[in-house]
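Okay, so here's the structure we're looking at.
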Amino acid sequence: MKRLRGLSAQLLLFVILPLFLILTAVALGSVIIHQQSMRVIVGERDLKAVRTAAAALSDIAHADSQHVRDVLVELQASPQMTVMLVDHEGRAVY
């Protein structure tokens, strides 16, 4: 117990250690909040891309099959995305 009576030990115990713990908690909390925000942003971006593609595919003026294939190929360029084109009865067309 004699060791904790020195100024260096008290400074470490009562100042440095609490500051270290607080800063560590703030840093970890910030990383978690950032990850959640990035997931939301990516989800919104993907949803916007899907809605844009759906609008382009449903437009009667763009109903030719070559345009549909071009849009689907561009969407499938992402390795994380699976694209399926279904008709009004739910059958897979592409």
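The values are calculated or read from the model by the stated rules, or taken from the named source; none is laboratory data. Keep in mind the model is a prediction, meaning the values are calculated, not measured. Using ideal geometry, Cβ is built from the backbone for each residue, glycine included, and neighbour counts are taken over all protein chains shown.
A compact table of results
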| quantity | calculated |
| --- | --- |
| Selected residue [surrounded by 10 or more Cβ atoms within 10 Å (Cβ to Cβ) and modelled with pLDDT under 70] from V15, V73, V83 | V83 |
| Which listed residue, of Q36, Q10, is in contact with a helix residue (DSSP H, G or I) (Cβ under 8 Å, 6 or more places away or on another chain) and in a helix (DSSP H, G or I) | Q10 |
| Criterion violated by A61 - all others in (1) modelled with pLDDT under 75; (2) part of a helix (DSSP H, G or I); (3) hydrophobic (A, V, I, L, M, F, W, C); (4) surrounded by 10 or more Cβ atoms within 10 Å (Cβ to Cβ) satisfied | (4) |
